[in-house]
Amino acid sequence: MTARKRVGVLISGRGSNMVSLAHAAQADDYPAEIAIVASNVPDAPGLARAREFGIKTATVDHKLFDDRAGFERALHMVLKDANIDLLCNAGFLRLLTKDFVDAWLDRQLNIHPSLLPAYKGLHTHERVIADGTRISGATVHFVRTEMDAGPIVAQAAVPVLSNDSADTLAARVLDAEHALYPHALALVAGGKARVVDERVVHAGDATTSASLMSPQLLVPNAG
Ligand code: GRF
C-alpha cells in the first residue's frame, strides 16, 4: 500500500464523526491515519475522545484572535507542523475565508447532515420535518467558500418517518454519517475520488457509486 495520508480533523464539539474516522483508521488497510484533531473550542468534548485514541490534539481558540484571518493563520501553522495532507471538518463551526479554503483546496472535506444541495445551514432536521420531506441523509463534500457547498464525494440516504422528531431524525442521520464519512475519506485518501471541473469523479465509477448506497441505510416501508 502507498503511504497513508496524514489527516487533520477539525472539530468544535462532541466529535462523534471524528471517532468514526479514528475507528476506521485503526484498520491496517485504511488509506489514512488521523494525525491530529484540532478544535477552536478549548473544552470541546471531542478533544478528550481523540486523546483516548492516542491522537495528538491541538486547540486554536478563535476568541483569542482579532480576526478570522489571524485565527486561520494559527490553525494553518498547527496543521503544517503536523505535516497534514488532508483535512476533515467534522462539526467544525467556523466559517472559513477564501485564503484558508484555497490553501487546502481539494484537500478539505466536510460532512453535512442533509442531502446537499438541499438544506444547507443549521437546523436541517427541523426544516426537513416541517417541509414533509420523506428522505433525508448526509453528504460529504469538498469545502468551498460558500457554506455547505462544494463537489460531493458521497451521500447516504435515510427515511424520514411520520413520527420523527428532529432528535430521532438527527440520530438516524448521525448513524448514517458515521458509516459515510470513513467511506468518503477512504475514497479521497486512496485516490479513488478526485475533483474534475467542480464535480467529483470516482475511479471505476459505477461500482463505487453503487456501494455508497448501503442497504442498511435504507429502511423499507418507511412510515
Ligand atoms: C454532525 O451532524 C455533522 O454532520 C455536522 O455537525 C454534527 C457534528 O457532530 N456538521 P459530531 O461532533 O461529529 O458528533
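The values are calculated or read from the model by the stated rules, or taken from the named source; none is laboratory data. This is a predicted model, so every value here is computed, not measured. Every residue, glycine among them, receives a Cβ derived from its backbone with ideal geometry; neighbour counts consider all protein chains shown.
May I ask you to list the residues in the range 156-186 that are under 11 Å from the mean Cα position of the chain (by Cα) and either within 11 Å of the ligand (Cβ to nearest atom) or not in a helix (DSSP H, G or I) (or both)?
Within the range 156-186, 177, 178, 180, 181 meet the criteria.
Since residue 217 meets every condition but one in (1) at pLDDT 95 or above; (2) buried (at least 18 other Cβ atoms within 10 Å of the Cβ), which condition does it not meet?
It is condition (1) that residue 217 fails.
Using the structure shown, decide if residue 75 is closer than 22 Å to residue 179 by Cβ and of a type in the set (A, V, I, L, M, F, W, C).
Taking the combined requirement at face value, the residue does not satisfy it.
Find the helices (runs of 4 or more DSSP H) located wholly in the range 1-97 whose residues include 1 or more that are free of Cβ contacts under 8 Å to residues at least 24 places away in the same chain and within 16 Å of the ligand (Cβ to nearest atom), and list them.
45-52
Confirm whether residue 144 is within 18 Å of residue 10 (Cα to Cα) and outside any strand (DSSP E or B).
Taking the combined requirement at face value, the residue satisfies it.
Which residue is nearest to residue 171 (Cα to Cα), if the candidates are limited to the range 80-120 and must be within 14 Å of the chain's Cα centre (by Cα) and among the small types (Gly, Ala, Ser)?
Only one residue fits best here, namely 114.
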